[in-house]
Amino acid sequence: MLTLIILLFIAYSVYAGARKGAMLQGVMFIGYVVVFLLAKLLAGVFKPAFELWIPYPSATMSSHFAFFSQALGSGWTISST
């Protein structure tokens with residue numbers, strides 16, 4: 001009889017945990033979707049401020065980047081003279 005009570009308690013705990021976990025995952029998924037949509041909508045508003053904080057490095061002849069091609073972004077080519 002005690003074994004049956006323990007098994008019923010374990011079965012109920014598994015059911016309650018799975019239900020709570022599914023609800024939590026649903027709330028988390030909705031939160032991710034809302035944050036993604038807000039980021040897409042507000043990206044244009046905050047882009048100028050982020051460009052001031054995070055500058056994009058420009059490739060020049062004296063820069064120490066690893067170039068995998070001889071063509072630079074603005075149509076320049078690297079000469080071997």
## Note on the structure
Across the range 1-31, the tally of residues that are of a type in the set (Ser, Thr, Tyr) and surrounded by fewer than 10 Cβ atoms within 10 Å (Cβ to Cβ) stands at 1
### Message
Just the residues that are surrounded by 10 or more Cβ atoms within 10 Å (Cβ to Cβ) and at pLDDT 90 or above, please, taken from the range 34-57.
### Response
VAL34, VAL35, PHE36, LEU37, LEU38, ALA39, LEU42
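The values are calculated or read from the model by the stated rules, or taken from the named source; none is laboratory data. In this text, all values refer to a predicted model and were calculated from it rather than measured experimentally. A quick note on method: Cβ atoms are made from the backbone with ideal geometry, for glycine too, and the neighbour counts reach across all protein chains shown.
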